[in-house]
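First up is the structure itself, then whatever we jot down about it.
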Amino acid sequence: MAAPVTRPRRARPRLADGPILAEALAALALASLAIALLPFRRVAAAASSPGRKAARADPETVRRARSAVTGWARRVPWRAVCFQKGLAVHWMLRRRGIPSVLLYGARRDGEGLAAHVWVDVDGETVIGGEEAPNFTCLARFPPDPA
C-alpha cells in the first residue's frame, strides 16, 4: 500500500511578520475597494504614482510582501484575484522604494477577452507570473519613461 501524499508544511508566520501581514491585509482591502468603486483611470493613476526614492530591490522584502498578500488573498471573505493581489504588492513595494511595475494584459478567450495583472521588479515577475506569458501586455504602471 502506498504512503499517503502529504503536502509540505508552510512556515508559520513569525511575530516579526506582524507589521507586514497587517500592511498586506490593509493593502489588499484598499486595492479591492479601489477596483470595485473607482474608475479605472483613478486606479491607474494610483498605480502610477511615484514611490519613495528608488532603492535596491531586496529579494527578501519582495518575497515577504508577496507571501503576505497571497496568504491573505486565500483567507479574506471577498474574491481577491490577480488585479487585487498585484495592486496590493505593487503599492507595498513602491512604498518601500522598490521600483516595481504593474502590468495589465489581455488575451482572446473564446468569444471574449480575458485580462490578467502581474508585477515585475527589475525584469523579474514577482506575482502573477504563472499566467503572464499567455497574455499580451496592454499597459504598464508607471508607464515607460519615453
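The values are calculated or read from the model by the stated rules, or taken from the named source; none is laboratory data. Please read these numbers as outputs of a predicted model, since none were measured by experiment. Cβ placement follows ideal geometry from the backbone for every residue including glycine, while neighbour counts extend to all protein chains displayed.
Data for the structure
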item: Any pair with Cβ under 7 angstrom, 6 or more apart, that starts in the stretch 116-128 at a residue that is surrounded by fewer than 21 Cβ atoms within 10 Å (Cβ to Cβ) and ends at one that is aromatic (Phe, Trp, Tyr) and at pLDDT 95 or above; result: 125/118
item: Qualifying residue in the stretch 15-30 (condition: surrounded by fewer than 15 Cβ atoms within 10 Å (Cβ to Cβ), farther than 18 Å from residue 122 by Cβ and at pLDDT below 85); result: yes
item: The listed residue being surrounded by 14 or more Cβ atoms within 10 Å (Cβ to Cβ) and among the hydroxyl-bearing types (Ser, Thr, Tyr), out of 49, 67; result: 67
item: Long-range neighbours under 7 Å by Cβ, at least six apart or interchain, first residue free of Cβ contacts under 8 Å to residues at least 60 places away in the same chain within the stretch 65-76, second among the basic types (Lys, Arg) and surrounded by fewer than 16 Cβ atoms within 10 Å (Cβ to Cβ); result: none
